[in-house]
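K.L.:
One structure coming up, written as C-alpha cells, with questions to follow.
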Amino acid sequence: MKDKIVLFDLDGTLIDSTQAVYEGICKACESLNHPTPSYEKVSLQIGHTLEDMFKTFNVESPKIPEFIAIYREHYGKICIPKTHLLNNAQQAIIEAHSFAHLGVVTTKTGKYSKIILEHLKVLEYFTCVIGREDVKEAKPSAEPILLALKSMPKDITKDHIYMIGDTPLDIQAANNANIQSIGVLSGYASLELLQSYTNHIVKDSLEAVRKIQTL
C-alpha cells in the first residue's frame, strides 16, 4: 500500500532541457531585435516563469507576451530532441512509484511537460502534471502543489507528502503548502544557495527518493 506522496519539479530535477530553453530564448530575442542573454544567464533563470525570465533579460512588460509566443513556437519544435532525463532520474521515478503516489509540479507548461515525459517513457508513473497554465500563481506560491494534491488520496498526512526540487522556488512552494521538501544538486542552484532555504539537500532525485522511503 502506498502511504506517501512525492511531487517532483521537472527541469534540473528529472530532466535537462537547458539547450532547448536557451535556443527558445535566443530565437525570441533575435526575432524581436533584443540583446540575447548568455547561456549562463539563461541557465540561472530556469525554474522561473517565462514572464519573469524575460523581465530579467530586460524585456519591457508589454512586449513579453510576444517574446513568449515566439519562444513557445520554437521550443515546441526542438524540445523532444534537445531534452533528456538526468542521471538516475528514471530509476528515481520507478522506485518512488513503488511506495508513493507521484506528481509533477513545474513552471513549464503542462502541455510540453506531458509531451516530454511521454517521449521519455515515464509519463505513466505520474497521477498528475501541473504546469504554468494550470494555475494563476506559479512557484513559490503554494497553489501548484495544492492543485496537485487534489488529484491525490486525501488520507495521506502532510508529513508524508514531499516536494523534490533543485531551486529555492521549489523549497519555498513546499513551505508555503506546509509539506516536506528535499533540495537536489542536479540542477540550477548551488549548494550554498539551497542551504539558505533548507537543510535537506542531496545529490539527485534518486538519493532523495531513497531518503524519503526510509522516513
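K.L.:
If we sort 155-162, 128-135, 3-10 on the protection proxy, mean other Cβ atoms within 10 Å, highest first, what's the order?
P.N.:
3-10, 128-135, 155-162
K.L.:
For each pair in K82/K111; K4/K158; K55/K139; K2/K139; K114/K150, compute the distance between the two Cα atoms and list the pairs where it is over 20 Å.
P.N.:
Violating the 20 Å limit, Cα to Cα: K2/K139.
K.L.:
Could you check the spin-label model distance between E30 and L185? Points 7 Å from the Cα along Cα→Cβ, value in nm.
P.N.:
The answer from the label model is 3.6 nm.
K.L.:
If you don't mind, another one. Going highest first, how would you order 204-210, 113-119 by mean Cβ packing within 10 Å?
P.N.:
On the way: 204-210: 23.3, 113-119: 18.6.
In decreasing order of mean packing, 204-210, 113-119 become 204-210, 113-119.
K.L.:
Something else now. Under a point-charge model restricted to the Cβ atoms of Lys and Arg (+1) and Asp and Glu (-1), what is the dipole moment magnitude of the range 126-215 relative to its Cα centre, in debye to the nearest 20? Don't skip to the end; give the middle numbers.
P.N.:
On the way: 9 positive and 11 negative charges, 37 e Å.
My answer is approximately 180 debye.
K.L.:
Between K121 and N175, what FRET efficiency comes out of the Förster formula 1/(1 + (r/R0)^6) with R0 = 35 Å and r the beta carbon distance, rounded to 0.05? It would help to have the intermediate numbers written out before the result.
P.N.:
Details: r = 32 Å, r/R0 = 0.93.
E between N175 and K121, to the nearest 0.05, is 0.60.
K.L.:
About its Cα centre, how strong a charge dipole does the chain have in debye, to the nearest 20, once Lys and Arg get +1 and Asp and Glu get -1 at the Cβ?
P.N.:
320 debye
K.L.:
Using Cα atoms only, what is the angle between the long axis of helix 168-177 and the major principal axis of the chain, expressed in degrees (0 to 90) to the nearest 10?
P.N.:
Orientation of helix 168-177: about 50 degrees from the principal axis.
K.L.:
Percent antiparallel among DSSP beta bridges with both residues in the chain, to the nearest 5? Numbers along the way, then the final one.
P.N.:
Working: 2 of 22 bridges.
Approximately 10 percent, going by the DSSP bridge assignments.
K.L.:
Turning to a different aspect of this structure: Could you work out the helix-only [θ] at 222 nm for the chain, with each DSSP H run of four or more residues adding -39,500 (n - 2.57) and the total divided by the number of residues, to the nearest 500 deg cm²/dmol?
P.N.:
Numbers: 10 runs with 94 residues, N = 215.
Mean residue ellipticity at 222 nm (helix-derived): -12500 deg cm²/dmol.
K.L.:
Turning to a different aspect of this structure: Hey, with R₀ at 22 Å, roughly what FRET efficiency would K77 and K55 work out to, going by the Cβ-Cβ distance, to 0.05?
P.N.:
My answer for the efficiency is 0.35.
K.L.:
Let me ask another. Grab the beta carbon distance between N87 and K2, set R0 = 22 Å, and tell me the FRET efficiency rounded to 0.05.
P.N.:
0.30
K.L.:
Considering the options C29, S43, P81, tell which one lies farthest towards the positive end of the dipole of the range 1-109, charges being +1 on Lys and Arg and -1 on Asp and Glu at the Cβ, about the Cα centre.
P.N.:
After comparing all options, I get P81.
K.L.:
With angles folded into 0 to 90 degrees, how steeply does helix 64-78 sit against the dominant principal axis of the chain? Use alpha carbons for both and round to 10.
P.N.:
It is inclined by approximately 70 degrees.
K.L.:
Can you tell me the dipole magnitude for the range 44-129 around its Cα centre, using point charges on the Cβ only (Lys, Arg +1; Asp, Glu -1), in Debye to the nearest 20?
P.N.:
Dipole magnitude for the range 44-129 comes out near 160 debye.
K.L.:
Can you give me the C-alpha center-to-center distance between the range 150-215 and the range 56-90, rounded to a whole angstrom?
P.N.:
Cα centroid to Cα centroid, the span is 24 Å.
K.L.:
Relative to the longest principal axis of the chain, what angle (0 to 90°, nearest 10) does the C-alpha long axis of helix 110-119 take?
P.N.:
Relative to the chain, helix 110-119 is tipped by roughly 70 degrees.
Throughout, read-outs are computed from the coordinates displayed, never taken from laboratory work. Note that the structure is a prediction, hence the values are computed from the model and not measured. Virtual Cβ from ideal backbone geometry, glycine too; neighbours counted across all protein chains shown.
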